[in-house]
Each structure stands twice: as C-alpha cells, then as structure tokens.
Amino acid sequence: MNDTQRWQTLDSSHHLHPFTDHKALAAIGSRIITRAEGCWLWDSDGNRILDGMAGLWCVNVGYGRDELVDAAARQMRELPYYNTFFQSSTPACVELAAKLADIAPPGLEKAFFANSGSEANDTAAKLVRYFWNLRGKPEKKTIISRKYAYHGVTMAAASLSGLTPMHPQSDLPLPGFEHVDAPYWYGEGGDLSPEAFGQRAADALERRIVELGAENIAAFIGEPIQGAGGVIIPPDGYWSAVQDICKRHDVLLIADEVICGFGRTGRWWGSEAFGISPDIMTMAKGLSSGYLPISAVMVGERVGDALSHSGEEWVHGYTYSGHPVAAAVALENIRLMEQEGLAERASGSIGAAFADMLTSLADHPLVGEARSLGLIGAIELVADKATRQHFPESREVGPTCRNLCIEQGLVMRAVRDIMVLSPPLIISETEIEEIGIRARKALDLTAAKLDL
Ligand code: PXG
C-alpha cells in the first residue's frame, strides 16, 4: 500500500467530509493534497494542479508566503492564545480591528471577530435581532435573503442560505428567514434586459417586505456577487435599488463580503464595487488568505452605537474571538495585499487578462456566457446559446467538465452547469493563459464524452 492508498483508506474510514456523498467518495478515494506554492497544488501522487479557485475562494495572496508563516510563528512564541472576554484584549486583535476600520467603507468602525464565515453571519443574524430589541421594535425579526445565496452552514447561516438543497436534511430554514429572487439574469432573465431584470429582482424584495410588513423585517442580507451560487454578478442598478428599498422600509442592510472582500472584485470590498453602504459587513476567507481561520463582523454607526450605549452585556462571543495568532496573520496578510497592490492588480491588467481569457472561451459551442469582475468569474455551459437553455441536470455536464478539468491539472469548480473561477490574486498572465488552455481542452473533452 503506497502513501496515497493509505491516506485514502484512513480518510474513508475515519473522516467525514463537508458536502460529500460518502459512499460515492469511498468508491473513488479522495484526492490528497500535500503541498502548494503560488497558484499551484501538488497531490500525493506528484501531480501538479493549477488552483483556479484559490482553495475555496480564499487564498488571495497565494500559497507559500513565508511572511504569513513568520507572523504566525512570532505571535505563537509571544502569546499563542489569550481570550478577549472578561475585560481582556491582545495587541494583535486590537491592531487588526483598527486596521479593518481603516480599510473598511466609511462608517464601519467596529469589528467583532469569529472563526468562519458561518459564525460571522450567525453573529450578524443575532445582532440584528438584538439591535431591534434594543430599539424597542422586537417584532422586527425576519431576515430576507435570496435564492442561490450561500451564507454558511450553522442553523442560522444555512437558513439565510438560499441554495435549497441545504435545507431539507435539517428541517431548515428556521422561522424568520425568507428568500426572494436573485438578480440571476442569464439563468432567469428571459426576454428582459439585464437592467430591467435587475430592477424586477429588487422589486421582488420590496414586494416581500410589504407583504410581510416592514414592521416585521429586521434586515436584508446579500453577497455583492453571489459566489457559491454561481458567480451571479448583478446587473447595473440592482444594488442601488436594493439599498433604496432597505432605507425606505428601515431594514438593515448586511453585506456578506466573505468571498467579495479583500480584493476579489478589484476593489477592497464588493460593496465598493457596487456602491453599497451596508449597516453590517461580514468577512472571512481573504481576511487571512485562508492561512488560519478568522472572520469578522463589522458594524456601522447605527448598530455600533446601539451596542456601545446599551448599558448591558452583549451576551455573545467565541473562545477564539480575536485569536491573536489568526489576527497577526490577518494583519500581515492585509499588509502584503497593500504592499503588492493586489486589489488594484485585480481591477487592472491582471483582471483584464482574466476577463479576456474567459471571453475567449465564449466561442466554444458549450459556452453560453463568460462573465467576470476583477478575479472572480464564470462560464455558463448551455445546450442552446440563443435561448440560454441549460442541459438537463441528469446529464451532469458541469460535474463532468469539473472532473475533466482536474485531469487537465486545473481546479475549476462546477456550480450546476456554471464553471466558476476565483484564482489567487497573485496569479500571473502566463498562469491565466494556462487556465484558458486547460479549460478549453476540458470543454472539448466534455463535449466529446457526453456526445454534445
Ligand atoms: N458567506 C459566503 C459568501 C461564503 O461564500 C460563507 C459565508 C461561509 O463561510 P465558512 O467559513 O463558514 O465556510 C461562505 C463560504 C463552494 C463553497 O462550494 C463556498 C463556501 C464554502 C464552502 C464551499 O463554493 N463559501
């Protein structure tokens, strides 16, 4: 038995994976990733794979950054752990909070720390309830989210999520979580122009608020671009319409920046890219480039003041809130991003090269649309380009293409039949070209294999 076989056997016997059909995985064995450098992964059989997903949309500064390793080691030697409960704080934690206030959109001055995007969104859900309780409007409880949203997997974060397969196994969503249409023009826009469809999606939010009664609605949550739902880039005008609706009905606006934050869209925040001024912003992933688990919830003046002036304990927090090692790594990660101008790079020449590469795939018979902003993008695989008709799910076009991408040494994820990409922000033009070459090959093989 070689190392790979041994790890696969142990994995299958003892490890429960996220979002996995374990019986199916046991039949094929998991891919064991053993090391990484820059934008490249190596598996235990020595295959070199180009990581078009930056791990899970998170390794923004790329793999193998000694600066982050050193920051972690320094902090571990000095103070590996102390908590932020009971009148305590640590230098790394407060420095990070201050740095985030510095780079966040105007008004977001305070940060609460957690360990994952799910926990950040769970915290946000609790926080808006508490906010309205403090404001003497305890009936303002319902949070509205969207179809195709991914906000995490805790009871509340999964309830916020709008990817419906996430709900039935655990009898979700919980009461008080509602979903409205997403601005997914390519898939659902029919004959409308993207802008008209975006307006219609925003109108759907207002209709739901009115139906349920604005006096019962606590907040609306949205990812600036919906990532795991298929890189749904909203049409122009959508976010400003949503923002007006939230203001008009006194509904708090939560921006989930877990994927869009930290340069992904070519701006520091997706909110900046779309002109959103959220009351609350959640972030994770790119905050530490995935080197250590850390997330944050930032609050604007309104929610911040309510917390500051409540005169009572806010009964919430995690053992690892503001973990000093994770905070030190996040600080160093932000420093690297600033030093290397990674957000600017994603909106400049590298973002343009990425967009060109995706657009160049649009002449492939399977590709109905190529779209991107900064270094997040997707191609839609369709049966009919003119009508934007997808293949039946049973044909498994997306998953087939994903598997063939891996055989070509490329990680490109499939969301339904949407192939999504979110490479490290340090990716080079040559590596972007390489994604294009491997993706085209995988598309050809997909067409041949499925006889499309
Ligand atoms: N919000 C957004 C926008 C996310 O993308 C979360 C919250 C939850 O974060 P945690 O750290 O709790 O996982 C996410 C996570 C996929 C995939 O298949 C996407 C995520 C996680 C796992 C898989 O694309 N996004």
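The values are calculated or read from the model by the stated rules, or taken from the named source; none is laboratory data. Since the model is a prediction, treat every value here as computed from it, not as a measurement. Don't worry about glycine lacking a Cβ; one is built from the backbone with ideal geometry, like all the others, and counts go over all protein chains shown. Ligands, DNA and RNA are stripped out before the accessible areas are found, and what is left, the full protein with its side chains, is counted by its heavy atoms. Shrake-Rupley method; radii C 1.70, N 1.55, O 1.52, S 1.80 Å.
Checking Ala125 against (1) assigned to a helix (DSSP H, G or I); (2) away from the ligand (no atom under 13 Å from the Cβ); (3) open to solvent by less than 40 Å² (accessible area, probe 1.4 Å), which single condition isn't satisfied? Here Ala125 meets the rest and fails (2).
Looking only at residues that are more than 16 Å from the ligand (Cβ to nearest atom) and not small (Gly, Ala, Ser) in region 221-237, which one is surrounded by the fewest Cβ atoms within 10 Å (Cβ to Cβ)? Looking at residues that are more than 16 Å from the ligand (Cβ to nearest atom) and not small (Gly, Ala, Ser), I get Asp236.
Residues in region 435-447 that are over 24 Å from the mean Cα position of the chain (by Cα) and either farther than 13 Å from Gly409 by Cα or not basic (Lys, Arg) (or both): Ile437, Ala442, Leu443, Asp444, Leu445, Thr446, Ala447. Against the numbered list (1) more than 22 Å from Tyr130 (Cα to Cα); (2) touching a strand residue (DSSP E or B) at 6+ places or on another chain (Cβ under 9 Å), Ala156 comes up short only at (1). Output the residue which, of all residues in region 62-95 that are part of a loop (DSSP other than H, G, I, E, B) and in contact with a strand residue (DSSP E or B) (Cβ under 7 Å, 6 or more places away or on another chain), is surrounded by the fewest Cβ atoms within 10 Å (Cβ to Cβ). Only one residue tops the list, namely Gly64. Within region 329-349, the set of residues being open to solvent by less than 50 Å² (accessible area, probe 1.4 Å), in a helix (DSSP H, G or I) and out of contact with any Leu (no Cβ under 7 Å at 6 or more places or on another chain) comprises Ile334, Leu336, Met337, Ala343.
Residues considered: Leu134, Leu172. Of these, the only one that is in the same structural domain as Ala328 (by TED's automatic domain parsing) and either among the small types (Gly, Ala, Ser) or within 16 Å of the ligand (Cβ to nearest atom) (or both) is Leu172. Residue check, Ala326 against (1) touching a Phe, Trp or Tyr at 6+ places or on another chain (Cβ under 8 Å); (2) surrounded by 24 or more Cβ atoms within 10 Å (Cβ to Cβ); (3) not in a helix (DSSP H, G or I), all met but one. Which one? Looking at each condition in turn, Ala326 falls short on (3).
Only a single criterion out of (1) more than 16 Å from the ligand (Cβ to nearest atom); (2) assigned by TED's automatic domain parsing to the domain that holds Val415; (3) crowded, with 17+ Cβ neighbours inside 10 Å is not satisfied by Arg35, namely (3).
Within region 242-257, the set of residues being open to solvent by less than 20 Å² (accessible area, probe 1.4 Å) and either within 16 Å of the ligand (Cβ to nearest atom) or closer than 21 Å to Val297 by Cβ (or both) comprises Val242, Cys246, Val251, Leu252, Leu253, Ile254, Ala255, Asp256, Glu257.
Residues in region 128-159 that are of a type in the set (A, V, I, L, M, F, W, C) and assigned to a loop (DSSP other than H, G, I, E, B) were compared, and the one that is most open to solvent (accessible area, probe 1.4 Å) is Val153.
Quick check: is even one residue across region 41-59 assigned to a helix (DSSP H, G or I), among the aromatic types (Phe, Trp, Tyr) and at positive phi? Yes. Residues in region 210-225 that are closer than 16 Å to Trp239 by Cα and either part of a helix (DSSP H, G or I) or not aromatic (Phe, Trp, Tyr) (or both): Ala219, Ile221, Gly222, Glu223, Pro224, Ile225. Does Arg371 satisfy the condition of being within 18 Å of Gly227 (Cβ to Cβ) and open to solvent by 10 Å² or more (accessible area, probe 1.4 Å)? So Arg371 fits the description; yes.
Of all the listed residues (Met281, Met337), the sole one being closer than 29 Å to Ile217 by Cα, aliphatic (A, V, I, L, M) and modelled with pLDDT of 95 or more is Met281. Inside region 164-197, can you point out the residues that are hydroxyl-bearing (Ser, Thr, Tyr) and either touching a Lys or Arg at 6+ places or on another chain (Cβ under 9 Å) or under 18 Å from Trp239 (Cβ atoms) (or both)? Within region 164-197, Thr164, Tyr184, Tyr186, Ser193 qualify.
Conditions (1) among the charged types (D, E, K, R); (2) loosely packed, with under 13 Cβ neighbours inside 10 Å; (3) in the same structural domain as Arg413 (by TED's automatic domain parsing), marked per residue:
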{"position": "Asp3", "(1), (2), (3)": "yes, yes, no"}
{"position": "Trp7", "(1), (2), (3)": "no, no, no"}
{"position": "Leu50", "(1), (2), (3)": "no, no, yes"}
{"position": "Val59", "(1), (2), (3)": "no, no, yes"}
{"position": "Leu108", "(1), (2), (3)": "no, no, no"}
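Candidates Ile427, Ile406, Ile376, Ile418: the one that is outside the structural domain of Gly190 (by TED's automatic domain parsing) and either open to solvent by 10 Å² or more (accessible area, probe 1.4 Å) or on the phi > 0 side of the Ramachandran plot (or both) is Ile406.
Taking residues in region 206-220 that are surrounded by 13 or more Cβ atoms within 10 Å (Cβ to Cβ), and partners anywhere that are of a type in the set (D, E, K, R), the pairs with Cβ atoms closer than 6 Å and at least 6 places apart or on different chains are Asn216/Glu139; Ala218/Lys140; Ala218/Lys141. Is there a residue being within 15 Å of the ligand (Cβ to nearest atom), open to solvent by 20 Å² or more (accessible area, probe 1.4 Å), assigned to a loop (DSSP other than H, G, I, E, B) and within 27 Å of Gly398 (Cα to Cα) anywhere in region 269-285? Within region 269-285, not a single residue is within 15 Å of the ligand (Cβ to nearest atom), open to solvent by 20 Å² or more (accessible area, probe 1.4 Å), assigned to a loop (DSSP other than H, G, I, E, B) and within 27 Å of Gly398 (Cα to Cα).
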